[in-house]
Amino acid sequence: MFGGRVGVLLTTIVLVSTGLTVTQPAAAAGSGGRNLPGQISVGRDVKQLVTVTSRRWDSTRATMKVWSRTGDGWRLAHDPVRVSLGWNGFVRAKQRRQSTGTTPAGRFGFRSVFGTRADPGSKLDYRRVDGNDFWPYEPRDPATYNILQPFKARTTTWREGYAERLAEYGYEYSYSLVLGYNLPRGVHWSQRRKQYVARHPADTERGGGIFLHVKKQRYTAGCVSAPIRSVRRLVRWLDPEDNPKIVMGPGRWVRKRF
């Protein structure tokens, strides 16, 4: 799926640490007292946090934990679940390249969701995709790179294999959270091209299409995939007013980096 070769939706995320340190949280109901992977610095306004950590850089499986910030500190909002990564495991986000089957390690935001199924109650912007929706990752057309398009315009120059017809992924894209990796800026509708284009395109070497979607295969092309119940629950739970973030990478690296 698109994940290893590209993308993410229409918004740029600016991630700035403002000094809050997530310390060892109190035990949550049903959590067994399981803690965050070390101390993680996030913004003071971050009240929802998702962590995806693996044992090694080349691991294709990881553990996802969902955290809620309360007056008493950080608590597990749900039990941890096993998730799948790209076929080549994690790589530092700045070092990632298109078509390498790697999942970018770093800290990203959640800004939107799309899916082949009806909106389950998302507080984030939700788009139910149909057979006309495409996600291009064509390096020869930087202006449309990593931007969801409502149809394939006549003016398009996308080559075969450089754009996903989202509805064709069916079950896997039942619900797909778009992560803030390598997003373009200044996205607007071009009346001339009949497409959404970016004034400041994404980096066409780093790929995109990095989603948190429903698991179907043993590994992905760069996305994170989880059981459908977990993804649906996450889609319902995330609240843009709580400034949710996701931190991903090998456990030891995460502890040192964040």
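Taking label positions 7 Å along the Cα-Cβ direction at both R229 and Q95, the computed distance is 3.7 nm, reported to one decimal. The charge dipole of segment 168-258, taken about its Cα centre with unit charges on the Cβ of Lys, Arg, Asp and Glu (plus for the first two, minus for the last two), comes to roughly 200 debye. Around the amide H of R206, modelled in the peptide plane, lie the amide H atoms of Q98, all under 5 Å away and 5 or more residues distant in sequence or on another chain.
Based on the Kirkwood radius over alpha-carbon pairs, what value in µm²/s does the Stokes-Einstein equation return for the translational diffusion coefficient of segment 143-258 at 25 °C and 0.890 mPa s?
150
Taking all protein chains into account, the per residue accessible area for segment 123-258 stands at 47 Å² (1.4 Å probe). Measuring nothing but protein heavy atoms, the accessible surface of segment 85-166 at 1.4 Å probe radius is 44 percent carbon and sulfur.
With all pairs of different C-alpha atoms in the average, the Kirkwood value for the hydrodynamic radius of segment 70-109 is 12.6 Å.
Antiparallel beta bridges, as assigned by DSSP with both residues in segment 76-165, represent about 35 percent of the total such bridges.
Considering segment 30-164 at the alpha-carbon level, its Rg and Dmax are found to be 18.2, 56 Å.
Annotation note: trypsin sites (Lys or Arg not before Pro) in segment 162-258 located in DSSP loop regions with a Cβ neighbour count of at most 12 within 10 Å are R192, R218. When the C-alpha to C-alpha distance is required to be over 28 Å, the pairs from K152/K245; K65/K215; K65/K256 that qualify are K152/K245. A straight Cα-to-Cα reach below 12 Å connects K216 with the aspartates and glutamates E172, residues fewer than 8 places away in its own chain not being considered. The Rg/Rh ratio of segment 105-149, with Rg taken over Cα atoms and Rh as the Kirkwood radius over Cα pairs, comes to 1.04. Within segment 146-236, antiparallel bridges make up roughly 70 percent of the DSSP beta bridges whose residues both belong there.
For segment 213-258, the carbon plus sulfur part of the accessible surface works out to 39%, probe radius 1.4 Å.
Put simply, the amide H of D125, placed in the peptide plane, has neighbours under 5 Å in V113, leaving out anything fewer than 5 places away on its chain.
The values are calculated or read from the model by the stated rules, or taken from the named source; none is laboratory data. These figures come from a predicted structure and were not determined experimentally. Positions of Cβ are generated from backbone atoms using ideal geometry, with glycine treated the same way; all protein chains shown enter the neighbour counts. Each accessible area value is taken on the protein alone, full model and side chains, heavy atoms only, with ligands, DNA and RNA left out. Shrake-Rupley method; radii C 1.70, N 1.55, O 1.52, S 1.80 Å.
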